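Contents: one structure, followed by commentary.
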Number of protein chains: 2
Amino acid sequence: MLSSASVAGRKEGEGPLRRYFDRIEQDAYFGESSWEKAESAMLRETLCLACRKADTAPESLDFILAGDLLDQCAGSAFAMRGLGAPFIGLYGACSTMAEALGLAAVLIDVGAGQKVAAATSSHFCSAERQFRFPLEYGSLRSPVSQWTVTGSGALLLALDGPPPYITRVTFGRIVDRGVTDTSNMGAAMAPAAADTLLRHFAASGHGADYYDAVLTGDLGRTGSGILAELLGFEGVSLAGRHFDCGGLIYDAGRQKVNSGGSGCGCSASVLAGYVMELMRSGQWKRVLFAATGALMSPTTSRQGESIPGICHAVSFEAEAA
Amino acid sequence: MLSSASVAGRKEGEGPLRRYFDRIEQDAYFGESSWEKAESAMLRETLCLACRKADTAPESLDFILAGDLLDQCAGSAFAMRGLGAPFIGLYGACSTMAEALGLAAVLIDVGAGQKVAAATSSHFCSAERQFRFPLEYGSLRSPVSQWTVTGSGALLLALDGPPPYITRVTFGRIVDRGVTDTSNMGAAMAPAAADTLLRHFAASGHGADYYDAVLTGDLGRTGSGILAELLGFEGVSLAGRHFDCGGLIYDAGRQKVNSGGSGCGCSASVLAGYVMELMRSGQWKRVLFAATGALMSPTTSRQGESIPGICHAVSFEAEAA
């Protein structure tokens with residue numbers, strides 16, 4: 001990995017990870033005229049910041065892989081417009097960062113690119129009005145609900161970059177156990193997380209204890225409990241090494257986020273900031289990053305459909321495999 | 001390529017390519033209770049049909065790459081739910097088929113998978129009410145507008161499959177020349193098509209005359225004219241070998257589609273049906289498939305933004321490179 005960068009909003013900047021973000025923006029509009037434009041501006045800035053750290057111009061990137069939660073993934077398309085690098089648009093909901101990193105690693109591995117960026121974002125205000133209610137309603141929130149993070153993360157990968165390295169990628173299957181409560185994303189996504197983690201452990205020959213940390217993003221407290229239970233049925237324990245990005249980013253006691261954080265930008269900003277810092281400092285040497293996504297849309301939920309979940313996993317190691 | 005399959009709606013089944021679709025469905029609902037569910041059912045059927053032709057169970061696919069136009073790409077997520085194969089969700093608007101094929105080829109080339117599917121869909125009714133107006137309004141349509149195809153296409157790729165082979169992939173850059181007329185997608189996307197075609201020709205060392213056919217999808221008549229003009233400025237002519245999937249799929253004189261067809265399913269169903277048949281029969285030996293997408297959303301257009309275009313190109317050849 002050449003470099004990483006993260007940008008976060010005010011609420012995230014008041015949380016326990018505040019010193020790991022490259023920038024904390026107090027203005028929810030990021031100087032723009034709408035929340036959607038704000039999200040694009042934030043994501044663009046994050047990518048450009050990662051490029052500057054690696055002394056690389058955005059137009060010299062071989063590929064940018066990105067996606068977000070907005071309809072037609074407009075957040076990332078408008079963020080990357082004009083940067084001049086080939087763009088590969090993804091939709092994996094909150095699993096997007098792992099999906100982008102997995103494909104970026106594949107593109108480098110096959111020799112298609114030397115420098116490839118993976119990036120994603122979410123914005124509380126743009127997500128809230130698109131998926132839930134206009135913010136002006138001041139709706140009450142379910143205790144199992146998660147708070148969409150205003151934040152973004154970008155990683156720049158290169159064939160000859162310094163550690164940590166991406167050593168293995170497991171793309172997930174869609175798992176739908178019939179959860180229809182759109183405020184309970186953790187429950188909808190936990191079965192997919194369990195499926196992908198078990199497949200990753202089986203395919204790699206390494207169990208959970210191989211890793212210093214197994215990060216999910218973002219199951220929240222509710223989903224994390226369900227994941228532990230589901231893995232327990234298979235005799236797998238993540239005890240002591242499981243961290244959920246949605247749990248790390250806020251102070252649950254103080255910040256009124258109910259079950260924790262969510263949104264593509266949650267796991268992306270936690271990975272690009274906190275996790276990469278702990279890996280660079282040597283505190284963590286092997287990390288499994290398993291980002292989870294809920295693949296419903298407001299339309300499918302209104303039509304009575306349950307919520308399909310997905311989880312993609314990427315392992316980072318200080319030493320090449 | 002192991003196999004291909006295409007399914008189309010009634011209007012497409014009355015067009016000039018009717019004998020190349022595997023199935024033409026007269027019911028716009030495909031037996032479902034909503035147009036969105038219909039689109040998923042159609043896409044799922046198309047993928048399963050491609051699998052059957054290759055005597056392959058969907059769950060034995062190493063990856064399915066898919067996307068569509070619906071918010072949160074719900075069309076493809078719900079189509080692939082329960083199929084049991086790892087799923088990589090994409091958003092490239094109408095360029096999705098080329099994006100999916102490009103990544104599928106990369107995943108096979110790097111050795112990550114033996115059998116990989118690329119699939120996408122669009123549905124006139126679900127697209128119309130999401131992007132434009134409720135169908136019940138019976139809105140008048142601009143003469144430069146395109147008609148969203150109800151159709152889907154799937155290709156199954158394998159390392160050791162029979163010809164045609166994917167020989168080269170060029171992922172496109174986002175190009176935005178400031179077009180804001182959302183009924184004129186062809187004009188918005190043509191500059192991206194020109195950019196990607198020129199980059200593809202330069203990188204491959206082969207000019208347009210190397211190919212029996214250069215297919216864009218979908219610029220319509222308006223966009224195709226602009227593409228010819230833009231390429232002409234660079235001294236490149238596609239004369240005699242340019243076909244636009246949006247032009248091929250309907251009989252423009254008889255079917256009242258204004259500038260032609262559009263939608264992810266347009267280029268995908270034309271490729272999976274007509275183009276693959278002409279390649280299998282030996283009529284075409286080298287085909288460049290350049291699918292174009294418009295990356296705006298209804299929200300960005302309402303906020304006054306112009307329309308970013310993108311084009312990904314994939315070359316198919318009867319002989320391996």
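A short reminder: the numbers here are calculations on the coordinates, not readings from a lab. Please read all numbers here as calculations on a predicted model, not as lab measurements. Methodologically, a virtual Cβ is constructed for each residue, glycine included, from the backbone with ideal geometry; neighbour enumeration extends over all protein chains shown.
Ordering B:Thr222, B:Gly253, B:Ala194 by Cα displacement along the dipole of the stretch B:165-317 toward the positive end leaves B:Gly253 in first place; charges were set at the Cβ atoms of Lys, Arg (+1) and Asp, Glu (-1).
I need B:Met189, A:Met80, A:Met1 ordered by Cβ neighbour count within 10 Å, fewest first.
Sorted ascending by nearby Cβ count, the order is A:Met1, A:Met80, B:Met189.
In loop segments of the stretch B:85-152 as defined by DSSP, there are no chymotrypsin sites (Phe, Trp or Tyr not before Pro) with at most 12 further C-beta atoms inside 10 Å of their C-beta. Peptide A:79-87 shows a mean partner chain C-beta count of 5 within 10 Å per residue C-beta. log10 I(q)/I(0), Debye, Cα-only the protein assembly as shown, no solvent, q = 0.09, 0.11 Å⁻¹? Treating every Cα as an identical point scatterer, log10 I(q)/I(0) equals -0.64, -0.98.
Sites listed here are GluC sites (Glu not before Pro) in the stretch A:259-321 whose DSSP assignment is loop and whose Cβ has at most 16 other Cβ atoms within 10 Å: A:Glu319.
Just how large is the dipole of the protein assembly as shown about the Cα centre, in debye to the nearest 20, putting +1 at every Lys and Arg Cβ and -1 at every Asp and Glu Cβ?
Details: 52 positive and 66 negative charges, 67 e Å.
Magnitude of the dipole: close to 320 debye.
For B:His312, A:His123, B:His242, the sequence from fewest to most other C-beta atoms within 10 Å is B:His242, B:His312, A:His123.
Counting only DSSP H runs of at least 4 residues, each contributing -39500 (n - 2.57), and dividing by the residue count of the protein assembly as shown, the helix-based mean residue ellipticity at 222 nm comes to -10000 deg cm²/dmol. Magnitude of the charge dipole for the stretch B:3-158, about its Cα centre and with charges confined to Cβ atoms of Lys, Arg (+1) and Asp, Glu (-1), is about 280 debye. Packing here is the average count of other Cβ atoms within 10 Å per residue, and on that basis the peptides B:48-57, A:172-181, B:213-222, highest first, run B:213-222, A:172-181, B:48-57.
Pairs of Cα atoms under 8 Å, at least six residues apart: use those to get the relative contact order of chain B, whole percent.
Relative contact order, chain B: 25 percent.
At A:Ser237, with labels set 7 Å past Cα in the Cβ direction, how many nm apart are the copies from this one, shortest first? Distances between equivalent label points, in nm: 7.6.
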